[in-house]
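**Student:** Following this message is one structure expressed as structure tokens.
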Amino acid sequence: MGDEEAATLEGQFYEFSRLFDNKRDGTTITLYRSDYWLRQTKILDDRKITMTDTGILFNKFNKSEIDWTEWSEFLEDLCELKDLDLEKIQETLTNCGLPGQTPVVVPQYRDFFLTYKPKEKALF
């Protein structure tokens, strides 16, 4: 049997920061890649946690990419804001698998119109 290293949160940060671009050095992560990671773990579900929530917290750093320390602070702020257990969230993020192992659907604005059903007009 192969001796696989146990996954670490920092190792996952490195892998997801290189998502779709293996030439990146893996020291900083963008909001899109962070949201993708949160979507893969089903933490970002557009119900309890939305892209607006993550965007507001991410933009507190006034950068397009943040490093490991800042991302850890971002995660702590998110858990505090949404009243989530930080240790459980970190464990979920650590054990979600490598990027792309689970299909991730990133919703598009136009998708709203595919499922929209107008309300019936009331007859008076």
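**Student:** Return the residue satisfying two criteria in turn: it lies in the range 36-73 and is β-branched (Val, Ile, Thr) and open to solvent by less than 60 Å² (accessible area, probe 1.4 Å), and of such residues it is farthest from the chain's Cα centre (by Cα).
**Tutor:** Pass one, the range 36-73, residues β-branched (Val, Ile, Thr): 41, 43, 49-50, 52, 54, 56, 66, 69.
Going one step further and asking which of them are open to solvent by less than 60 Å² (accessible area, probe 1.4 Å), we end up with 41, 43, 49-50, 54, 66.
On the way: THR41: 8, ILE43: 7, ILE49: 10, THR50: 10, THR54: 8, ILE66: 14 Å.
Residue satisfying both the conditions and the ranking: ILE66.
**Student:** Among the residues of the range 54-74, write down those that are touching a Leu at 6+ places or on another chain (Cβ under 7 Å) and of a type outside the set (Phe, Trp, Tyr).
**Tutor:** Pass one, the range 54-74, residues touching a Leu at 6+ places or on another chain (Cβ under 7 Å): 54-55, 57-58, 74.
Residues satisfying the conditions are THR54, GLY55, LEU57.
**Student:** Give me the residue from the range 88-116 that is among the hydrophobic types (A, V, I, L, M, F, W, C) and modelled with pLDDT of 65 or more and, out of that set, most open to solvent (accessible area, probe 1.4 Å). Quick ask: steps written out before the conclusion?
**Tutor:** Keep residues of the range 88-116 that are among the hydrophobic types (A, V, I, L, M, F, W, C), which gives 89, 93, 96, 98, 104-106, 112-114.
Cutting the leftovers down to modelled with pLDDT of 65 or more gives us 89, 93, 96, 98, 104-106.
Values: ILE89: 21, LEU93: 0, CYS96: 24, LEU98: 85, VAL104: 33, VAL105: 115, VAL106: 41 Å².
This residue is VAL105.
**Student:** Right, here's the next one. Under 7 Å between Cβ atoms, at least 6 apart or on separate chains: pull out the pairs that start in the range 32-60 with a residue that is farther than 11 Å from LEU93 by Cβ and end on any residue that is acidic (Asp, Glu) and open to solvent by 30 Å² or more (accessible area, probe 1.4 Å).
**Tutor:** These pairs meet every condition: LEU57/ASP77.
**Student:** Pairs, please: C-beta under 9 Å, at least 6 apart or cross-chain, first residue more than 12 Å from ILE29 (Cβ to Cβ) and in the range 63-78, second basic (Lys, Arg) and surrounded by fewer than 16 Cβ atoms within 10 Å (Cβ to Cβ)?
**Tutor:** Qualifying pairs under 9 Å: GLU73/LYS60; ASP77/LYS60.
**Student:** Do we have any residue at all in the range 7-25 that's surrounded by 13 or more Cβ atoms within 10 Å (Cβ to Cβ), out of contact with any Gly (no Cβ under 8 Å at 6 or more places or on another chain), farther than 19 Å from VAL105 by Cα and of a type in the set (Val, Ile, Thr)?
**Tutor:** no
The values are calculated or read from the model by the stated rules, or taken from the named source; none is laboratory data. Bear in mind the structure is a predicted one, so any value in this text is a computation, not a measurement. Reconstructed Cβ throughout: ideal geometry from the backbone, glycine too, with neighbour counts over all protein chains shown. SASA here: full protein model, heavy atoms, side chains in, ligands and nucleic acids out. Shrake-Rupley method; radii C 1.70, N 1.55, O 1.52, S 1.80 Å.
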